[in-house]
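Let me begin by handing over the structure; questions about it come next.
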Amino acid sequence: MEIRSQSSAGWGGMAAVAELPSIPGYEVESLVAQGPRTEVWRARHRRTGRLVAVKRPRPGIGRSRSVVARLEHEARVLAAVSHEHVVGLVAGMRGSWWRGRAPTVLVTEYAAGGSLAQLLDRRGRLSPGEVITLGVALVRAVEGLVSRGFVHGRIHPEHVVFSEIGKPLLVGFGSATTSPPAPVGGSSDLADVARLLVLALTGGPPVPGTSVATLAPATPPGLVDVLDRWL
């Protein structure tokens, strides 16, 4: 089972309200996501035609050392972790091409299916089968991270995106921290995964001291056991 978000606009589905950036080698097409410090654009490689996501500092804060450092850190994490459920790094580059400054630009594979946050905004919740599919993918992504000595630290709905065929991908590694490689059961990311899965299953956050079986009675017992144990 894959998770279909029925979105053709990408993660953010935003209209291109900002001026298109100029990035060597790429034809920038549209703005798809925007945060307080960074923005993500959909672009196409001029030679190969490959669609990519280009993450850069927002105009006006390109000189911020903290923003640039987070993008550089994210590039290093993605370069170290190659996993089917972690967004793939295409390139990380510096350039003097943007308003005379030298921001770091992160180029990754493009997630055409949108984000989990978008999906939940449209549908409210996922079916138990979809939640299991999502959970398996995220646990495997966490396994890939801990095997390389990383903790994501912020697995939220906006940090889970879907490929064109509905494959879940973990993004947003600017806050990732390092830790000694360990079994996945010891990762603090599992609690974030559990909270996210309860949100996807019930439409709301976990309730302290309340079993998932009470919040969503139709949940398979095995899934209830796992989520209750991780929370």
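In segment 18-57, which strands (runs of 3 or more DSSP E) lie fully inside it and hold 1 or more residues that are over 15 Å from the mean Cα position of the chain (by Cα) and basic (Lys, Arg)?
Details: elements: 26-34, 38-45, 51-57.
Correct list: 38-45, 51-57.
Still on this structure, I have one more. Among the candidates GLY92, GLY62, single out the residue that is within 29 Å of ARG148 (Cα to Cα), surrounded by 14 or more Cβ atoms within 10 Å (Cβ to Cβ) and modelled with pLDDT under 85. Give the steps one after another, and end with the answer.
Numbers: GLY62 fails: within 29 Å of ARG148 (Cα to Cα).
Result: GLY92 is the single residue among GLY92, GLY62 that is within 29 Å of ARG148 (Cα to Cα), surrounded by 14 or more Cβ atoms within 10 Å (Cβ to Cβ) and modelled with pLDDT under 85.
Ok, one more. Checking the structure you have, find out if any residue of segment 180-192 is closer than 18 Å to VAL136 by Cβ and in contact with a strand residue (DSSP E or B) (Cβ under 7 Å, 6 or more places away or on another chain).
Going residue by residue through segment 180-192, those that are closer than 18 Å to VAL136 by Cβ are 183-185, 187, 189-192.
Applying the additional criterion that residues be in contact with a strand residue (DSSP E or B) (Cβ under 7 Å, 6 or more places away or on another chain) yields 187, 189.
Yes; the residues of segment 180-192 include at least one that is closer than 18 Å to VAL136 by Cβ and in contact with a strand residue (DSSP E or B) (Cβ under 7 Å, 6 or more places away or on another chain).
Right, VAL90: touching a Gly at 6+ places or on another chain (Cβ under 9 Å), outside any loop (DSSP other than H, G, I, E, B) and closer than 20 Å to TRP41 by Cα or not? Spell out how you get there, then give the answer.
Working: touching a Gly at 6+ places or on another chain (Cβ under 9 Å): no; outside any loop (DSSP other than H, G, I, E, B): yes; closer than 20 Å to TRP41 by Cα: yes.
In short, no.
Ok, one more. Specify which of the listed residues (GLY174, GLY185, GLY166) is of a type outside the set (Lys, Arg) and within 20 Å of SER127 (Cβ to Cβ).
Values: GLY174 fails: within 20 Å of SER127 (Cβ to Cβ); GLY185 fails: within 20 Å of SER127 (Cβ to Cβ).
Sole residue among the options that is of a type outside the set (Lys, Arg) and within 20 Å of SER127 (Cβ to Cβ): GLY166.
Conditions: (1) at pLDDT 90 or above; (2) in a loop (DSSP other than H, G, I, E, B). VAL107 meets all but one. Number of the miss?
It fails just one condition, (2).
So how many residues does segment 129-138 have that are surrounded by fewer than 17 Cβ atoms within 10 Å (Cβ to Cβ) and either closer than 19 Å to LEU231 by Cα or of a type in the set (Asp, Glu) (or both)?
As a first pass, look at segment 129-138 and keep what is surrounded by fewer than 17 Cβ atoms within 10 Å (Cβ to Cβ): 129, 136.
Remaining after also requiring either closer than 19 Å to LEU231 by Cα or of a type in the set (Asp, Glu) (or both): 136.
Qualifying residue count, segment 129-138: 1.
Scanning for something over 17 Å from the mean Cα position of the chain (by Cα), under 14 Å from LEU78 (Cα atoms) and surrounded by fewer than 22 Cβ atoms within 10 Å (Cβ to Cβ), does segment 160-183 turn up at least one residue?
The answer is yes, given that some residue of segment 160-183 is over 17 Å from the mean Cα position of the chain (by Cα), under 14 Å from LEU78 (Cα atoms) and surrounded by fewer than 22 Cβ atoms within 10 Å (Cβ to Cβ).
Mind checking which pairs have a first residue in segment 135-146 that is within 15 Å of VAL198 (Cα to Cα) and a second that is assigned to a helix (DSSP H, G or I), Cβ under 7 Å, 6 or more apart or different chains?
Final answer for the pair search is GLY135/VAL193; GLY135/LEU197; LEU138/VAL193; VAL139/VAL184; VAL139/VAL193.
Step by step: first the residues of segment 104-134, then only those that are among the hydroxyl-bearing types (Ser, Thr, Tyr) and touching a residue at least 12 places away in the same chain (Cβ under 8 Å), then the one that is farthest from VAL90 (Cα to Cα). Which residue is that? Quick ask: steps written out before the conclusion?
Initial filter on segment 104-134 (among the hydroxyl-bearing types (Ser, Thr, Tyr)): 104, 108, 110, 115, 127, 133.
If we keep only those that are touching a residue at least 12 places away in the same chain (Cβ under 8 Å) too, we end up with 104, 108, 110, 115, 133.
Working: THR104: 13, THR108: 5, TYR110: 10, SER115: 20, THR133: 26 Å.
Among those residues, the one meeting the criterion is THR133.
The values are calculated or read from the model by the stated rules, or taken from the named source; none is laboratory data. Computed from a prediction, not measured in an experiment: that's the story for all the values here. Every residue, glycine as well, gets a Cβ built from its backbone with ideal geometry; the counts of neighbours run over all protein chains shown.
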